[in-house]
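Peer 1: Please find one structure pasted underneath; my questions will follow.
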Number of protein chains: 2
Amino acid sequence: MSTLKLQYHHGDLTKSLLEAATAIIKEQGVEGLSMRKLADKVGVSRTAPYHHFKDKNALLCALAERGFNQQEKMLAALKKQDHPTEQLFKEYVCAYMDYALEHSEIYDLMYGRTLWKAGTPSDSLKKSSKQTFKAWIEWVEELQEHGVLPNNNTPLRIGQTTWASLHGLARLFLDGIYLDQTDLSEMIEQMIKNLCSLRLAST
Amino acid sequence: MSTLKLQYHHGDLTKSLLEAATAIIKEQGVEGLSMRKLADKVGVSRTAPYHHFKDKNALLCALAERGFNQQEKMLAALKKQDHPTEQLFKEYVCAYMDYALEHSEIYDLMYGRTLWKAGTPSDSLKKSSKQTFKAWIEWVEELQEHGVLPNNNTPLRIGQTTWASLHGLARLFLDGIYLDQTDLSEMIEQMIKNLCSLRLAST
DNA sequence: AATTCTATCTTGACGGTGTCAATATTGCAG
DNA sequence: CTGCAATATTGACACCGTCAAGATAGAATT
């Protein structure tokens, strides 16, 4: 077992695959990721990855799941510095958009049709997403109590609609409908105004 | 030239292709559409479609463009019956969601990454989408004047953000993140409340 | 230390994809 | 009737995901 790359067994191929895949989709998009190119990049034969992931779908699920962990960590860090509730919410929105656009391909796997419609989300991925969503809804309840979000419906519905708004804004950019980054910042600002002013209307 | 299908020249292959393609993506999603299957369905050889569409991308662009026309027609019909402005807006929202979910695959081509990011939108498609968007912005201006949408920003920004909200809501369902139709109608209702109550907050 | 077992990796193969090049057929204009 | 342009065809190529069968290496057991 030398330190040279000519060894038969790779070491931690699972991890290497995930990282190489992340790099590829960052550069070439999910469409540019093929199992064969991936294997090649890691320096291994075509079918080696199949001993670590059942199929391509499973690999993409793993990437998405990583994304959920990553995102959750980021948001947890945000909440730690205890700013006023409303400011925190605004920071959350910015952070959410930041993550979506910075890791657009991962975001697409997390919330896009590739896995949820065209593919088959793994049980583990479903669990991750459910947990993330649950945390979000709980926070929405808090935000409602602090008068940042409206009270005219349950935390679930308010959480769903405000999330939908954010998600839609993110998608317009990461799907290539909008490209201009200048528009982006102004649209985020206006979206925050929209979401935050809702409480004024609730009874 | 008999009426039997054994003729060498097909007649109006362009149209047949578009209709067969529409049928396929409706049943099997965009992922289920291949040029070969399409040709086969129409009863023509693999490469025949290439005399009518430069490549698969071009065919998808044509489908998307049809979608824009279809959608525009639907919305024009809606406006003709001159209901009160606010009611009209609510009907618009419902109609928009209806269209998105009823023709989810076409909607995806119109506003999704398949063409706008992964693919290459044709000039003709760009034009169609631009026109649709322009019409929307003009109507937003009207809605602002009638106090249905807020006045705290330009028609462009308000149009962008409200559209983003609608788009996001649609995507959550047509991408398979949400599936329950019951949730859907309640979420639409709440989203309308969100959008329509914004004016109360604007100066 | 020798042997077995198991995890890992390999090559070979199959059916699918988009699309180019070269060829054949047809309908129409001259 | 002839020739031309539009349309359709077969053949080929390079990719793709993934299954099956065999090779290799490291760990466990004797």
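The values are calculated or read from the model by the stated rules, or taken from the named source; none is laboratory data. Note that the structure is a prediction, hence the values are computed from the model and not measured. Every residue, glycine as well, gets a Cβ built from its backbone with ideal geometry; the counts of neighbours run over all protein chains shown. Side chains included, ligands, DNA and RNA excluded: accessible areas come from the protein's heavy atoms. Shrake-Rupley method; radii C 1.70, N 1.55, O 1.52, S 1.80 Å.
Peer 1: Which number do you get for Rg(Cα) / (2.2 N^0.38 Å) in region A:99-157?
Peer 2: For region A:99-157, the normalised Cα radius of gyration is 1.39.
Peer 1: Moving to a separate point now. Rounded to the nearest 20 Debye, what is the dipole magnitude of chain B about its Cα centre when Lys and Arg each give +1 and Asp and Glu each give -1 at the C-beta?
Peer 2: In total the dipole reaches around 880 debye.
Peer 1: Which value at 222 nm does chain B reach when only helices count, each DSSP H run of 4 or more adding -39,500 (n - 2.57), with the total divided by all residues and rounded to the nearest 500 deg cm²/dmol?
Peer 2: -22000 deg cm²/dmol
Peer 1: Okay, next question. Ratio of region B:1-100's C-alpha Rg to 2.2 N^0.38 Å, to two decimals?
Peer 2: Cα Rg divided by the expected 2.2 N^0.38 Å: 1.42.
Peer 1: Need one number: buried accessible surface between chains B and A, 1.4 Å probe, both sides summed, DNA, RNA and ligands left out, in Å² to 100.
Peer 2: 3800 Å²
Peer 1: Now for a different question. Is there a simple number for the mean count of other chain Cβ atoms within 10 Å of the Cβ of residues in A:118-125, and what is it?
Peer 2: 1
Peer 1: At 1.4 Å probe size, what's the solvent-accessible area of A:Glu27? Round to the nearest 10 Å².
Peer 2: For A:Glu27, the solvent-accessible surface is approximately 130 Å².
Peer 1: Working from the pairwise distances between different alpha carbons, so that the mean of 1/r is found and then inverted, what is region A:9-53's Kirkwood radius in Å?
Peer 2: 10.4 Å
Peer 1: May I ask you to give the solvent-accessible area per residue for region B:11-70, in square angstrom, as obtained with a 1.4 angstrom probe?
Peer 2: Computed with neighbouring chains in place, this is 52 Å² per residue.
Peer 1: Tell me whether the protein assembly as shown comes out rounded, prolate or oblate; compute the Cα gyration tensor, take square roots of the eigenvalues as a ≥ b ≥ c, and use a/c under 1.5 as the rounded threshold.
Peer 2: Oblate.
Peer 1: Over region A:9-53, what is the mean sequence separation of C-alpha contacts under 8 Å (at least six apart), divided by residue count, expressed as relative contact order in percent?
Peer 2: With pairs under 8 Å counted, the relative contact order is 36 percent.
Peer 1: Return one number: the angle in degrees, 0 to 90 and rounded to the nearest 10, between the long axis of the Cα atoms of helix B:13-28 and the longest principal axis of the Cα atoms of chain B.
Peer 2: 60 degrees
Peer 1: If you don't mind, another one. How large, in percent, is the carbon and sulfur part of the accessible surface of chain A at a probe radius of 1.4 Å?
Peer 2: With neighbouring chains kept in place, the figure for chain A is 53 percent.
Peer 1: Return one number: the angle in degrees, 0 to 90 and rounded to the nearest 10, between the long axis of the Cα atoms of helix B:155-174 and the longest principal axis of the Cα atoms of chain B.
Peer 2: Taking Cα atoms only, the helix is inclined about 60 degrees.
Peer 1: Once the label point is set 7 Å along the Cα-to-beta-carbon vector, what list of distances in nm do you get between B:Ala118 and its counterparts in the other copies?
Peer 2: From this label point to the equivalent ones elsewhere in the assembly: 0.2 nm.
Peer 1: Can I ask one more? Using Cα pairs closer than 8 Å and at least 6 residues apart in sequence, work out the relative contact order for chain A, in percent.
Peer 2: This gives 19 percent for chain A.
Peer 1: Take every residue in peptide A:169-180, count the Cβ atoms of other chains within 10 Å of its Cβ, and give the average of those counts.
Peer 2: Per residue, the average neighbour count from other chains is 6.
Peer 1: For region B:55-190, what's the radius of gyration and Dmax over Cα atoms, in angstrom?
Peer 2: Cα radius of gyration and Dmax of region B:55-190 are 15.3, 47 Å respectively.
Peer 1: Take the alpha carbon atoms of region A:55-116, find their center, do the same for region B:101-133, and report the distance between the two centers in whole angstrom.
Peer 2: Rounded to whole Å, the Cα centres lie 26 Å apart.
Peer 1: Let me ask you something else. For region B:97-196, what relative contact order do you get, as a whole percent, if you take Cα pairs closer than 8 Å and at least 6 residues apart?
Peer 2: Answer for region B:97-196 is 27 percent.
Peer 1: Past 31 Å, Cα to Cα, is the threshold; run B:Lys15/B:Lys134; A:Lys41/B:Lys130; A:Lys26/B:Lys15; A:Lys26/B:Lys41 against it and keep the listed order.
Peer 2: A:Lys41/B:Lys130; A:Lys26/B:Lys15; A:Lys26/B:Lys41
Peer 1: Here's something else I'd like to know. What is the helix-to-structure angle for A:56-80, meaning the angle in degrees between its Cα long axis and the longest Cα principal axis of chain A, kept from 0 to 90 and rounded to the nearest 10?
Peer 2: With both axes taken from Cα atoms, the answer is about 40 degrees.
Peer 1: For the protein assembly as shown, with only Lys/Arg (+1) and Asp/Glu (-1) charged at the beta-carbon, what is the dipole magnitude about the Cα centre, in debye rounded to 20?
Peer 2: 1420 debye
Peer 1: Now for a separate question. Can you pull the mean other chain C-beta count within 10 Å for peptide A:154-165?
Peer 2: Mean number of neighbouring Cβ atoms from other chains: 6.
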